[in-house]
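The values are calculated or read from the model by the stated rules, or taken from the named source; none is laboratory data. No experiment lies behind these values; they were computed from the predicted model shown. In this analysis, Cβ positions are derived from the backbone assuming ideal geometry, glycine residues included, and neighbour counts consider all displayed protein chains.
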Amino acid sequence: MMSSLAAYDLLDPNGSINIIWDIMSWKPDGYLATVRISNLQMYRQIRSPGWTIGWTWANKEVIWSMVGAQAIDRGDCSNFKTNIPHSCETSPAIVDLLPGSVPQNQQLPNCCKGGVLGSWGQRDKAATVSWFQVSVGHSGTSRKTVKVPKGFYLLGPGAGYACSSAVVVPPSVFLSADGRRKTRAMTTWTVTCTYSPTLASKNPNCCVSLSSFYNPMITPCSTCACGCKDKHNCTKRDSEISTLLKPNLVMDGETQLLQCTQHMCPIQVHWHFKVNYMKHWRVKISITNFNYWLNYSHWNLVVQHPNLNNVTLVYNFTYKLLPYHSTSDTGVFYGVKEGNELLMEAENVQSEMIFGKDEKEFTLDQGWVFPRKVYFNGDECLMPPPNSYPFLPNSPNPIHPLLFAAALLLPNINNKTEAMNSLIAKNLCHNPIITIPFGVDSSNKDLKSQATLQDRGTSALEHT
């Protein structure tokens with residue numbers, strides 16, 4: 001098992017999943033404990049089919065009962081004639097309960113979510129925590145005699161996390177509902193699990209393609225960017241899906257049915273350098289889901305680029321800089337709540353953003369306008385080789401502000417687009433980031449008609 005110190009994320013150095021084990025009361029042959037699993041990662045979530053945690057008992061402990069979770073194997077309980085334990089495994093594996101599997105009055109707070117945990121930077125904090133209760137027998141019955149389990153591990157849902165040893169810490173403090181009374185756990189220990197891409201997957205789960213307004217060449221995702229092990233089980237047309245799906249098929253989040261592409265990735269991110277203004281420049285981002293069996297709820301996209309500290313305007317996505325990166329060159333994008341935060345199977349979401357130019361940094365040379373790294377849901381996407389980036393023509397022609405202003409006065413623009421463009425013109429010279437709400441976006445019909453040339457490439461890539 002890799003040490004948790006070896007699993008370190010440069011973009012989220014404080015990111016981890018913490019397991020807090022609070023013994024709340026002692027019993028004649030053991031104790032009752034509450035276990036909390038907290039996702040403190042800024043952009044990495046745990047998606048369906050959810051987390052699994054496990055450990056090895058120090059002695060011959062058993063689990064008498066559980067609330068809010070379950071052991072996946074009862075193990076050999078043949079020594080018990082009556083009062084059979086929930087699990088007799090020496091190394092139990094625990095999973096969350098599914099939503100609706102138990103009555104509401106028999107649930108703990110933040111339990112029974114199918115093991116799904118939101119990322120700390122994205123969702124409400126309640127979505128980042130999971131609780132369960134465990135009654136342990138054949139154990140110590142005091143702080144001096146109880147033994148801490150060892151060999152903790154976390155699957156989220158697959159491999160990728162390395163966990164520390166359990167460490168005894170000062171007991172947790174709990175407030176009553178009215179906030180007027182404090183209670184303390186009998187004893188508390190914690191486990192810290194950190195993510196390592198080297199443990200997670202041999203192949204990427206996403207790829208990046210590139211294009212620009214100044215070059216007709218589209219740089220596609222690399223061939224077999226995500227491995228081609230599924231190339232004989234993919235589908236070429238939407239019409240084939242109905243014959244491949246069975247009514248009783250259970251989607252576990254791991255099974256894939258991909259559209260046949262040359263890259264064979266479930267997710268493709270396309271970065272299109274759309275317009276070069278005098279003091280600003282504009283990019284269109286498209287995220288396409290090529291998996292017919294999986295929706296991505298509460299997705300996020302992390303991009304590393306030196307100009308992300310000067311984003312002026314963002315359409316349809318929520319955006320913020322990652323707080324820990326010293327160079328302020330890494331930002332995270334989320335879908336808009338009740339808008340496009342669900343990336344449906346075989347669909348895409350799109351955004352455009354406008355950067356302010358730093359004349360000392362901005363250049364069209366050597367692919368500077370393209371991202372350095374891209375991550376989707378915490379997985380690093382494979383970038384194309386730098387020598388394949390759209391090359392620069394001899395004389396790039398930035399758009400003059402007068403031409404841009406004239407474009408805003410075109411007579412065929414409807415009121416919604418006119419108001420949006422007025423907002424752009426008004427705020428381009430200011431630093432605060434403006435997010436255009438979902439439904440008022442740069443992909444509407446009228447704005448598309450203004451920039452047909454700059455938009456080329458996105459639709460062509462949907463079937464590459």
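Only one of these is in contact with a Phe, Trp or Tyr (Cβ under 6 Å, 6 or more places away or on another chain) and more than 27 Å from ASP365 (Cβ to Cβ): LEU342, LEU294, LEU258. Name it.
Values: LEU342 fails: in contact with a Phe, Trp or Tyr (Cβ under 6 Å, 6 or more places away or on another chain); LEU294 fails: in contact with a Phe, Trp or Tyr (Cβ under 6 Å, 6 or more places away or on another chain).
Only one candidate qualifies: LEU258.
Check GLN366 against each of (1) touching a helix residue (DSSP H, G or I) at 6+ places or on another chain (Cβ under 7 Å); (2) assigned to a helix (DSSP H, G or I) and name the one condition it does not meet.
(1)
Among the residues of region 1-44, which ones are under 30 Å from VAL62 (Cβ atoms) and at pLDDT below 85?
First, the residues of region 1-44 that are under 30 Å from VAL62 (Cβ atoms): 1-4, 16-39.
Passing the criteria: MET1, MET2, SER3, SER4.
Tell me the residue from THR90, THR141, THR128 that is without any contact (Cβ under 8 Å) to a residue 40 or more places away in the chain and either in contact with a Gly (Cβ under 7 Å, 6 or more places away or on another chain) or of a type in the set (Ser, Thr, Tyr) (or both), please.
Residue meeting the stated conditions: THR90.
Kindly provide the set of residues from region 268-280 that are crowded, with 22+ Cβ neighbours inside 10 Å and more than 14 Å from SER211 (Cα to Cα), ordered by number.
Passing the criteria: only HIS280.
Select the strands (runs of 3 or more DSSP E) contained entirely in region 40-133, then report the ones holding at least 2 residues which are within 30 Å of the chain's Cα centre (by Cα) and of a type outside the set (A, V, I, L, M).
52-56
Which residues, taken from region 281-298, are buried (at least 24 other Cβ atoms within 10 Å of the Cβ) and either among the aromatic types (Phe, Trp, Tyr) or assigned by TED's automatic domain parsing to the domain that holds GLN45 (or both)?
Selection gives PHE290 alone.
Would you mind finding the one in LEU301, LEU294 that is closer than 15 Å to CYS206 by Cα and not in a loop (DSSP other than H, G, I, E, B)? Can you show your working first?
Details: LEU294 fails: not in a loop (DSSP other than H, G, I, E, B).
Sole residue among the options that is closer than 15 Å to CYS206 by Cα and not in a loop (DSSP other than H, G, I, E, B): LEU301.
From the list VAL191, VAL148, which residue is part of a loop (DSSP other than H, G, I, E, B) and either at positive phi or touching a strand residue (DSSP E or B) at 6+ places or on another chain (Cβ under 6 Å) (or both)? Step through it out loud before you land on a result.
Working: VAL191 fails: part of a loop (DSSP other than H, G, I, E, B).
VAL148 is the lone residue from the list that is part of a loop (DSSP other than H, G, I, E, B) and either at positive phi or touching a strand residue (DSSP E or B) at 6+ places or on another chain (Cβ under 6 Å) (or both).
Conditions (1) under 24 Å from ASP12 (Cβ atoms); (2) acidic (Asp, Glu), marked per residue:
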residue: ASN39; (1), (2): yes, no
residue: ASN79; (1), (2): no, no
residue: PRO85; (1), (2): no, no
residue: PRO99; (1), (2): no, no
residue: VAL102; (1), (2): no, no
residue: CYS111; (1), (2): no, no
residue: GLY121; (1), (2): yes, no
residue: ASP124; (1), (2): yes, yes
residue: THR128; (1), (2): yes, no
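To keep it simple, each residue is scored yes or no on (1) without any contact (Cβ under 8 Å) to a residue 12 or more places away in the chain; (2) within 19 Å of the chain's Cα centre (by Cα).
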{"residue": "HIS272", "(1), (2)": "no, no"}
{"residue": "LYS279", "(1), (2)": "no, no"}
{"residue": "TYR296", "(1), (2)": "no, yes"}
{"residue": "ASN310", "(1), (2)": "no, no"}
{"residue": "GLY339", "(1), (2)": "no, yes"}
{"residue": "ILE354", "(1), (2)": "no, no"}
{"residue": "GLU359", "(1), (2)": "yes, no"}
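Quick check, is TYR161 closer than 20 Å to GLY378 by Cα and hydroxyl-bearing (Ser, Thr, Tyr)? Full working, then the answer.
Numbers: closer than 20 Å to GLY378 by Cα: yes; hydroxyl-bearing (Ser, Thr, Tyr): yes.
Answer is yes for this residue.
Hey, does region 84-95 have a residue that's over 26 Å from PHE376 (Cα atoms), surrounded by fewer than 17 Cβ atoms within 10 Å (Cβ to Cβ) and either among the hydroxyl-bearing types (Ser, Thr, Tyr) or not assigned by TED's automatic domain parsing to the domain that holds PRO49 (or both)? Give the derivation first.
Initially, region 84-95 is screened for residues over 26 Å from PHE376 (Cα atoms), giving 84-94.
Add one more test, that the residue is surrounded by fewer than 17 Cβ atoms within 10 Å (Cβ to Cβ), and what stays is 84, 90-91, 93.
Restricting the remaining residues to those that are either among the hydroxyl-bearing types (Ser, Thr, Tyr) or not assigned by TED's automatic domain parsing to the domain that holds PRO49 (or both) gives 90-91.
Among the residues of region 84-95, at least one is over 26 Å from PHE376 (Cα atoms), surrounded by fewer than 17 Cβ atoms within 10 Å (Cβ to Cβ) and either among the hydroxyl-bearing types (Ser, Thr, Tyr) or not assigned by TED's automatic domain parsing to the domain that holds PRO49 (or both), which makes the answer yes.
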